[in-house]
Amino acid sequence: MSESLNKIDAAVAAGRDTIVDFLRQLLSQSRNGEEAVQAWLAAQSEALGCTVTTQRYRPADIPMVAEFAGERAIDTGERASVLAHLPGSGEGRSVIFFAHPDSEPFVEPHGWSHDPFAGETENGRLYGWGLADDLAGIAAMVQAVAVLKAAGLKPAGDVYLASTPSKRHARGVSALLHSGVSADAAVYFHPAESGEGLREVKAFASGQLDFRIVVAGQPPQTTEPHQTGFAHRGVNPIEKAMLIFRALSDLDAERGERVLHPSLQAAVGRSTNLMLSHIAAGEPDRLSRMASSCTLGGAVSLPPGEALEDVQAQIEAVVRHVVDEDDWLRLHPPQIIWDAGVTGAEVPVSHPLYRTVAEVIEATIGEAPHINVMHTSSDIRNPMVQKGILTVGLGSLGGDLTQNHSHDEWIDIDDYVRCVQVAAGIIARWCGVRETVQPRAMATSVS
């Protein structure tokens, strides 16, 4: 196997300029939107010998397993997932590589010091809109197949490259999984948001539950434009909402003591949080008027193994107890709105998939990677939760999420090239490879 990795290393070194140019061309396609990106990727994958299919779907039509999304959260338009299948010789393990082609909408004025779609470079960084979220991931998995061809290697197991929309619950990878696509493992390619690059592997993702609680009040009955002098005759919904706020804060403290996961405890000393992050009532320019309702909004982080419905039941029980203790709320029960929820998942470090990925990364960068357990709602959970396919994630160095879609988004060129090398190495180690032809130069992209 070390001989195969040596051939991959040599192909990457010889094809470095082609590997980087592929990402630059992909970036230029993104100027014309997601459909252009997907069409171009399909053509590139076919040129590499893959069988390519495009699945059009509506996110709301895809079955949800251990997750949900309300109308406010889920994408309502039609989307397309592109699947490139490189058949193996028949005796190896299969793998799905996936990444998402959709970035945040581009808006002017952008305020960049680099052209967002030209792929300009400076100090070892390639700049461009969506590079770190997630064009570099898309490019890395496709170029891994190109590297194998250049090295004269054919996978023993089937390799699937999936370019799947993700943002706003686009659910592209779930659409493919529920259509019958399956494999022995999956790898999600996405530049590391933490700024660790290939030194970090995503093998752990907490779940998350987003919710809102709408509390009704009753402004005082008066024709006066200013209601302050009549406030005692009304029912202030903010006051009633604060009863629920305090009760949920108590639930947060109780869960912090009760819900424990060793990896999270070791990382940050806490395994779950219930964070109340939003409150809305009244009009800021009419402060002498009482609001008719108050909305609380928040989110809960769930460690892997905790079910969404259990946490929902806990929140409902707390709200119900507050209602039972208050005369007004008993007659005007608050409305709980569940906006979105996803279940957490993890891959044990002892599993062959994690060991394979960690060994290839260490052989490539010279140090063993670590797991960052603070990724909430990572897409690695999708194959695991939806179809029981163990999944890890990795990606090149790309700053952190604070610069994505904001100002001068970038990825590190050297780490991106190493990511392509790692991706090809994972295929060699996980799927197995056999020599087919003499190594040759990497082909340039098709027009």
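The values are calculated or read from the model by the stated rules, or taken from the named source; none is laboratory data. Keep in mind that this is a model prediction, so the values were computed, not measured. Heads up, the Cβs are rebuilt from the backbone with ideal geometry, glycines too, and the neighbour counts pull from every protein chain shown. Just so you know, the surface numbers come from the protein's heavy atoms only, side chains and all, with ligands and any DNA or RNA stripped out. Shrake-Rupley method; radii C 1.70, N 1.55, O 1.52, S 1.80 Å.
Worth pointing out:
- Computed over all pairs of different Cα atoms, the Kirkwood value for the hydrodynamic radius of the stretch 302-367 is 15.9 Å.
- Rounded to 5, percent antiparallel among DSSP beta bridges of the chain: 75 percent
- Over every Cα atom in the stretch 322-447, the radius of gyration and the widest Cα-Cα span, Dmax, amount to 22.6, 82 Å.
- Ratio Rg/Rh, restricted to the stretch 264-380 and using Cα atoms, in which Rh is the Kirkwood radius: 1.17
- Stokes-Einstein D (µm²/s) once Rh is taken as the Kirkwood radius of the stretch 84-231 over alpha-carbon pairs, at 4 °C in 1.567 mPa s: 66 µm²/s
- Helix axis angle, 34-47 relative to the chain longest principal axis, alpha carbon, degrees: 20 degrees
- Relative contact order (%) - the chain, alpha-carbon pairs under 8 angstrom, separation at least six: 27 percent
- Theoretical FRET efficiency, 1/(1+(r/R0)^6), r = Cβ-Cβ of Asn123 and Thr228, R0 51 Å, to 0.05: 0.30
- In this structure, Ser28 and Ala317 have a Cβ-Cβ separation that, at R0 = 60 Å, corresponds to a calculated FRET efficiency of about 0.65.
- Computed from the Cβ-Cβ distance with R0 of 25 Å, the FRET efficiency linking Arg258 to Ile336 stands at 0.70.
- Legend: Rg and Dmax of the stretch 121-183, from Cα coordinates, 15.1, 44 Å.
- Solvent exposure of the chain as accessible area per residue, Å², 1.4 Å probe: 42 Å²
- For the chain, the fraction of 1.4 Å probe accessible surface lying on carbon and sulfur atoms is 49 percent.
- Dipole-positive endmost among His370, Pro352, Ile380 within the stretch 321-392 (Cβ charges, Cα centre): Pro352
- Computed from point charges on the beta carbon alone (+1 for Lys and Arg, -1 for Asp and Glu), the dipole magnitude for the chain about its Cα centre is near 760 Debye.
- The Rg/Rh ratio of the chain, with Rg taken over Cα atoms and Rh as the Kirkwood radius over Cα pairs, comes to 1.06.
- Fully extended contour minus Cα-Cα distance, from Arg270 to Ser292, at 0.36 nm per residue: 4.2 nm
- Convex hull of Cα atoms in the stretch 75-152, direction-averaged projection (nm²): 8.3 nm²
- Computed P(r) (all Cα pairs; the stretch 191-245; 5 Å bins; percent): 4, 14, 14, 10, 9, 7, 5, 7, 7, 6, 7, 7, 2, 0
- Separation of the stretch 163-232 and the stretch 55-91, taken as the distance between their Cα centroids, equals 17 angstrom.
- Largest-first principal axis extents, alpha carbons of the stretch 182-278, Å: 68, 30, 29
- Positive-end extreme of charge dipole, the stretch 155-311 - chosen from Met242, Thr223, Ala291 (charges on Cβ): Thr223
- Taking all protein chains together and rolling a 1.4 Å probe, Glu325 ends up with roughly 130 Å² accessible.
- Using equal-weight Cα scatterers in the Debye expression, the normalised intensity of the stretch 22-120 in log10 at q = 0.10, 0.19 Å⁻¹ is -0.41, -1.10.
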